[in-house]
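Enquirer: Below you'll find the structure I mean.
The values are calculated or read from the model by the stated rules, or taken from the named source; none is laboratory data. Given the structure is predicted, the values throughout are model-derived calculations rather than measurements. Reconstructed Cβ throughout: ideal geometry from the backbone, glycine too, with neighbour counts over all protein chains shown.
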Amino acid sequence: MNRQEANVLLTAIAVGDNRTTDDTAVEYWRTLLADIRIEDAMQALAIHRRESTEWIQPAHIRRLVKAERARRIDAANIVYEPIGEENARQFLDRVATVYRAAGDGRMDPRSIGLALEPGPSAAAVPAEIEAVTEGRKAVRSALNVRCPFCKAAPRIPCKVGKSANGKPGFVHPTRIDAARADATTNPEGTTP
């Protein structure tokens, strides 16, 4: 929301509650609602006026806009289908763009059946994201066994030494191997 839009919003608010406005008030509202679109703010104002007699504040506008955006996203029933060989960053950027469009009201509501109809390509998780997910699963399962390298007990993170990369949650590769071997010999996860 820019200064002119904040002035329009504050003028509309003043019509309803006879408050006085000045440049300081306009700047105050503009600062607190800088990331809110004027269309959404005006809709939130109308909802507030219909449902409340409370003196409207920027927090009311923010709360109502957030709720309306969530409703629009929910009504769009988004099912994102990756395009070609996009990498993880491209995937996340495009998903954010789709959600932003739905929140802005630029996507028509659709039933879940329509959302799940097959499109031109099958929906799949990009390989980069799948690899990260598998890596995290391996680390979590590795925490179920004692580390053969640093002797850390089960459910205790590895002791970070010179061989560690310094990242939180690091486990030694030998511990991951030990967890895989344990899963092969003991698939139920029961202790002998």
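Enquirer: Is there a residue in region 11-32 that is touching a residue at least 12 places away in the same chain (Cβ under 8 Å), farther than 28 Å from residue 111 by Cα and touching a His at 6+ places or on another chain (Cβ under 8 Å)?
Expert: no
Enquirer: So which helices (runs of 4 or more DSSP H) are wholly in region 64-171 and hold at least 3 residues that are within 30 Å of residue 39 (Cα to Cα) and at pLDDT 75 or above?
Expert: Details: elements: 88-104, 112-116, 127-142.
Answer list for region 64-171: 88-104.
Enquirer: Count, please, the residues in region 42-63 that happen to be within 18 Å of residue 9 (Cβ to Cβ) and outside any helix (DSSP H, G or I).
Expert: Residues in region 42-63 being within 18 Å of residue 9 (Cβ to Cβ) and outside any helix (DSSP H, G or I): 5 in total.
Enquirer: Take region 5-38 and flag every residue that is of a type in the set (A, V, I, L, M) and in contact with a Pro (Cβ under 8 Å, 6 or more places away or on another chain). Can you show your working first?
Expert: Kept after step one, since they are of a type in the set (A, V, I, L, M), are these residues of region 5-38: 6, 8-10, 12-15, 25-26, 32-34, 36, 38.
Scanning region 5-38 gives 32, 33.
Enquirer: Assess whether residue 37 counts as being out of contact with any strand residue (DSSP E or B) (no Cβ under 9 Å at 6 or more places or on another chain) and in contact (Cβ under 8 Å) with a residue 60 or more places away in the chain.
Expert: Against the criterion (out of contact with any strand residue (DSSP E or B) (no Cβ under 9 Å at 6 or more places or on another chain) and in contact (Cβ under 8 Å) with a residue 60 or more places away in the chain), residue 37 qualifies.
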